[in-house]
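Everything on this sheet refers to the single structure shown next.
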Amino acid sequence: MARIGPANIRIDRITLAVCAFLSLIALVLPLPVREPIAAALRRTILAPMVKLQEKAELSRRAFLDHDGMMRIRDSVALEVINTGTLRDENARLREILGLGSKLKWGFIPAEALHGRGVRDESAIILSAGSNSGVERLSPVIAPEGLVGVVDDVDPTMSHAMLWTHQEFRVSAMSEDGTAYGIVQASASNEGGRFLMEMRGVPFRTSVENGTLIITSGLGGVFPRGIPLGRIISETKTSESWARTYLIRPEVFPADVYSVMILKPDRASEGVGAVWAVGSGADTTIKNIVTAGDSLAREAALAEARARQAVRDSVIRDSILKAAPFDSATVTQPVPSVPRPAPAVPRPTQQAPNSAPGSTQTPNQVPGSTPTSTPAPARVPATTPQTPRQPRTTQPQSDTPAVRN
């Protein structure tokens, strides 16, 4: 490491003095001369210093803006979290309002208060009680379907048993009414409290996977038509006289915070048309798909018929061009047949039985009046054409037949 000595200090002082002298000279120089010199110094000697100062300024600005950027980022993240929560709450409130507009009357809105205890997984506290008209054994519903039933009522709040409770039972049936059974919480290890079981289905009745299960209305507690869940599979049990099906529930109570409590008169009236929108929409979609398939099928058939008609017409034209014309419809001139040469008359021969001095032609009958030999008939110039091949006129034989 080099030591700082008197020589180095002397060099620094000389350099400082030279710089100060040059700066004084630059100040007294006229402006046209001073500006080019300053520009040359900035581009050469002072360029690294300018870059260093620029980077230092950017670093200082970034350091000062760091806190502000962190505050902005945190606020944006918080807004995003709050926006998602508000969006979910708004969607849930819209569903609740939609359920209320479908029910129109006979219901009490309430908030579901979930506990944190072990037994709270199968029960909830509702924010409405007897002062609001809540009664025991009132069904608790959500926009998706059945949540549970009220089992205890206080003036300002009530206690509800969820379908996940092991003592919960409800009479149910398939959507088409072909299968009936009792739905309860599943006790199997694979499903636990998150699945339902439909027990007591007659063995001769088979339910397909995906079938919607609804309340049947039997028993007088739950009205008919509240969705419970959909069949996912059949499970084997010790009961050989009945079938048991696993059901994926439509409502997960842990996700429910706003519910409707049905009044007894509304439950007795029924809610059959409230949840019919889903099945109606499915039916409408199936009808649209079926109609589209039928239209596509008809279009394909029409195109096939058109192609077959074109193919038949082409074949017919080719056959007509290759086959001879029909004589009944088209008459073509027949080439003229050459006339036969006139027959040379031969001397008459006397018949054995004829009298002397009389002449008789070979074809003349004995005893008849002799006649002259007829001239050969003329063949017309044109005759109609036969269907297959034209008939040619054979020349008459000039040798008459002799009758004995």
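The values are calculated or read from the model by the stated rules, or taken from the named source; none is laboratory data. From a predicted model like this one, the values you see are computed outputs, not experimental measurements. Quick reminder, even Gly has a Cβ in these numbers, built from the backbone with ideal geometry, and neighbours come from all protein chains shown. Ligands, DNA and RNA are stripped out before the accessible areas are found, and what is left, the full protein with its side chains, is counted by its heavy atoms. Shrake-Rupley method; radii C 1.70, N 1.55, O 1.52, S 1.80 Å.
Of the residues making up region 93-142, those that are within 18 Å of residue 224 (Cβ to Cβ) and either modelled with pLDDT of 90 or more or part of a strand (DSSP E or B) (or both) number 7. Quick one: would you say residue 217 is assigned to a loop (DSSP other than H, G, I, E, B), among the small types (Gly, Ala, Ser), in contact with a Gly (Cβ under 8 Å, 6 or more places away or on another chain) and more than 27 Å from residue 125 (Cβ to Cβ)? Here the answer is yes, as residue 217 does meet what is asked.
Just checking, does region 7-15 include any residue being small (Gly, Ala, Ser) and over 29 Å from residue 140 (Cα atoms)? Yes: region 7-15 contains one or more residues that are small (Gly, Ala, Ser) and over 29 Å from residue 140 (Cα atoms). Of all residues in region 28-43, those that are assigned to a helix (DSSP H, G or I) have Cβ atoms under 7 Å from Cβ atoms of residues that are among the small types (Gly, Ala, Ser) and open to solvent by less than 100 Å² (accessible area, probe 1.4 Å), 6 or more apart or on another chain, in 34/26; 37/26. Restricting to region 255-265, and then to whatever is under 14 Å from residue 92 (Cβ atoms) and open to solvent by 20 Å² or more (accessible area, probe 1.4 Å), can you tell me which residue is farthest from the chain's Cα centre (by Cα)? This residue is 257.
Here is a check on your reading of the model: is residue 243 over 15 Å from residue 146 (Cα atoms), buried (at least 20 other Cβ atoms within 10 Å of the Cβ) and touching a residue at least 12 places away in the same chain (Cβ under 8 Å)? Break it down stepwise before answering.
Working: over 15 Å from residue 146 (Cα atoms): yes; buried (at least 20 other Cβ atoms within 10 Å of the Cβ): yes; touching a residue at least 12 places away in the same chain (Cβ under 8 Å): yes.
Yes: the conditions hold for residue 243.
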